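*Asks:* Sharing a structure here in structure tokens format.
The values are calculated or read from the model by the stated rules, or taken from the named source; none is laboratory data. Everything numeric in this text was worked out from a predicted model, so none of it was measured. Note that each Cβ is placed from the backbone with ideal geometry, even for glycine, and that neighbours are counted across all protein chains shown. Remember, those area values only see protein heavy atoms, side chains included, never the ligands or the DNA or RNA. Shrake-Rupley method; radii C 1.70, N 1.55, O 1.52, S 1.80 Å.
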Amino acid sequence: GIDKTVLVEPRGKRLREALDAQMREIDASAAPLDTVADGMRSRTLGERPWTVLKHLPSRQVLSVDDDHILDAMTRIFTDLKLVCEPSGATALAAVLAADESSFHAAFGSDVAE
């Protein structure tokens, strides 16, 4: 089974707050999130993702800012020669933005460096 799940969001999405409150939406009146990660702007979690996320036994939420997302997109393009949309680059952005101690706290010490 899954021991731990690390979720990554654009800064300001408030996913941790939604999960802690067991609510798909924290502020229905809020405008969509202003982020380069346009696939993650919605303030409401989809019905299917919510069904999965609320039942995960151990989850950690990491937030990344637009600069980290853009850096990750650049690295993907430069190093891998692939084009990636911003939402798809958020996980790599979290890895690149983390210092060693926060990386191990999020992903575990058994992850290869």
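*Asks:* Could you provide, to the nearest whole Å², the per residue accessible area of the chain with probe 1.4 Å? It would help to have the intermediate numbers written out before the result.
*Replies:* Numbers: 7020 Å² over 113 residues.
For the chain, the solvent-accessible area averages 62 Å² per residue.
*Asks:* Counting only other residues whose beta carbon sits under 14 Å from that of LEU33, what net charge do I get with K and R as +1, D and E as -1?
*Replies:* Details: positive: ARG11, LYS13, ARG14, ARG41, ARG43; negative: GLU9, GLU17, GLU25, ASP27, ASP34, ASP38, ASP65, ASP66.
So the surrounding residues net to -3.
*Asks:* While we're looking at this one, here's another question. May I ask for the net charge around LEU53, where only other residues with Cβ less than 14 Å from the Cβ of LEU53 are counted and Lys, Arg are +1 while Asp, Glu are -1? Show your work: numbers first, answer last.
*Replies:* On the way: positive: LYS4, LYS13, ARG14, ARG16, ARG24, ARG48, LYS54, ARG59; negative: GLU9, GLU17, ASP20, GLU25, GLU47.
So the surrounding residues net to +3.
*Asks:* Can you run phi through the Karplus equation (6.51, -1.76, 1.60; θ = phi - 60°) for the range 63-70 and list ³J(HN,Hα) in whole Hz, with x for Gly and Pro?
*Replies:* Result, rounded to whole Hz: 10, 10, 8, 4, 4, 5, 5, 5.
*Asks:* Per-residue HN-Hα couplings for the range 82-91, Karplus 6.51 cos²θ - 1.76 cosθ + 1.60 at θ = phi - 60°, whole Hz, x for Gly and Pro?
*Replies:* 3J(HN,Hα) across the range 82-91, in whole Hz: 10, 9, 10, 6, x, 4, x, 9, 5, 5.
*Asks:* Here's another thing I want to ask about it. Count the net charge of all other residues whose Cβ sits under 10 Å from the Cβ of ARG43, scoring Lys and Arg as +1 and Asp and Glu as -1. Walk me through the numbers before you get to the answer.
*Replies:* Numbers: positive: LYS13, ARG14, ARG24, ARG41; negative: GLU25, ASP27.
After counting each charged neighbour, the total is +2.
*Asks:* Name the long-range amide H neighbours of ARG59: under 5 Å, sequence gap of 5 or more, or other chain; modelled H, no Pro or chain starts.
*Replies:* Long-range HN contacts for ARG59: THR5.
*Asks:* Shifting gears a bit: At a temperature of 37 °C and a viscosity of 0.692 mPa s, determine how fast the range 21-92 diffuses translationally according to Stokes-Einstein, using the Kirkwood radius over alpha-carbon pairs as Rh; express D in µm²/s, rounded to the nearest whole number. Working shown, then result.
*Replies:* Numbers: Rh = 13.9 Å.
The calculation lands on 236 µm²/s.
*Asks:* Take each of the peptides 13-25, 59-71, average the number of other beta-carbon atoms within 10 Å over its residues, and list them starting from the highest. Before the final figure, lay out the partial values.
*Replies:* Numbers: 13-25: 15.9, 59-71: 18.5.
Output ranking for 13-25, 59-71: 59-71, 13-25.
*Asks:* What order do you get for 87-96, 40-49 when each peptide is scored by the mean count of other beta carbon atoms within 10 Å, highest first?
*Replies:* On the way: 87-96: 20.0, 40-49: 13.6.
In decreasing order of mean packing, 87-96, 40-49 become 87-96, 40-49.
*Asks:* In the chain, carbon and sulfur make up what percent of the accessible area (probe 1.4 Å)? Provide the component values of the computation, followed by the final result.
*Replies:* Working: 3780 of 7020 Å².
About 54 percent, which is the carbon plus sulfur part of the accessible surface.
*Asks:* Taking the Cα centre as origin and putting +1 on Lys and Arg beta-carbons and -1 on Asp and Glu beta-carbons, what dipole magnitude results for the range 1-44, to the nearest 20 debye?
*Replies:* Numbers: 8 positive and 8 negative charges, 8 e Å.
For the range 1-44, the charge dipole is close to 40 debye.
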